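The values are calculated or read from the model by the stated rules, or taken from the named source; none is laboratory data. Computed from a prediction, not measured in an experiment: that's the story for all the values here. Here Cβ is always computed from backbone atoms with ideal geometry, including for glycine, and neighbour counts include all displayed protein chains. Heavy atoms of the whole protein, side chains included, go into the accessibility calculation; ligands, DNA and RNA do not. Shrake-Rupley method; radii C 1.70, N 1.55, O 1.52, S 1.80 Å.
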Amino acid sequence: MDHIWLIGMMGSGKSTVGRCLADRLGRPLYDIDAIIEDAVGSTVSELFERAGEAAFREQERRAIANVAGLPPGVVATGGGAVLDERNVDTMKSAGSIVLLAADVEVVAERIGGGNDRPLLAGGDGGALHSIANERDARYRAAADVVVDGNGSVETVVGLVEAACNAL
Ligand code: S3P
């Protein structure tokens, strides 16, 4: 089996579900944001601030391309990974893409007031809604399978596992 690429909005549970799923399957977890942070030696927020979003997207593209060549694992992507079609092509050619589809209210609740997401910095919650609306079609077009991401971590992990077994 190839990689399982988890995509979806910020707060949809990609990293948490990814960690749990990887443990359950006995596979490595590749967390794209963490890989970028290691590569550049700063947080994603600092990278956005210092070099801008385009620089972050380039690091994201490189990280996804590198991970595609690693042994099969579970990959937690950043919420914007699907914005670049090259990333979608890379992911498709190296496994299955699973969308964690969570309602924007659920996602907002999970994110809370955290300040580690530069695209939401200083916003009033409206940004999250418009990003979710703008990206919805893209997420669904990229996905091989769509899973309900609104439940508990255990529930979502079970759904992803079942969906991948059925592919
Ligand atoms: C982003 C999501 C973040 C991170 C960056 C940009 C996005 O990852 O990659 O802040 O464009 O949606 P999470 O989805 O893990 O929050």
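Selection of first residues in region 64-91 that are open to solvent by 40 Å² or more (accessible area, probe 1.4 Å) and of second residues that are aliphatic (A, V, I, L, M) and modelled with pLDDT under 95, restricted to Cβ pairs under 8 Å at least 6 apart or on distinct chains, gives the following pairs, ordered by first then second residue: PRO72/MET1. Candidates are the residues of region 1-13 that are under 17 Å from PRO72 (Cα atoms) and modelled with pLDDT of 95 or more; the one that is surrounded by the most Cβ atoms within 10 Å (Cβ to Cβ) is TRP5.
Here GLU37 does not fit the description of being in a helix (DSSP H, G or I) and in contact (Cβ under 8 Å) with a residue 24 or more places away in the chain. Of all the residues in region 110-131, those that are more than 12 Å from the ligand (Cβ to nearest atom) and either hydrophobic (A, V, I, L, M, F, W, C) or touching a residue at least 12 places away in the same chain (Cβ under 8 Å) (or both) number 2.
Is it the case that GLU53 is open to solvent by 20 Å² or more (accessible area, probe 1.4 Å), within 13 Å of the ligand (Cβ to nearest atom) and not small (Gly, Ala, Ser)? Yes.
Taking the criterion of being open to solvent by less than 50 Å² (accessible area, probe 1.4 Å) and either part of a helix (DSSP H, G or I) or under 18 Å from ASP33 (Cα atoms) (or both), the residues of region 92-113 that qualify are ILE97, VAL98, LEU99, LEU100, VAL104, VAL106, VAL107, ALA108, ILE111. Within region 138-158, being farther than 17 Å from VAL107 by Cβ and open to solvent by 70 Å² or more (accessible area, probe 1.4 Å) holds for ALA141, ASP144, GLU154.
Within this structure, ARG135 passes the test of being open to solvent by less than 40 Å² (accessible area, probe 1.4 Å), in a helix (DSSP H, G or I) and charged (D, E, K, R).
Across region 69-106, the qualifying residues are those that are among the polar types (S, T, N, Q) and within 15 Å of the ligand (Cβ to nearest atom), and the one among them that is farthest from VAL147 (Cα to Cα) is ASN87.
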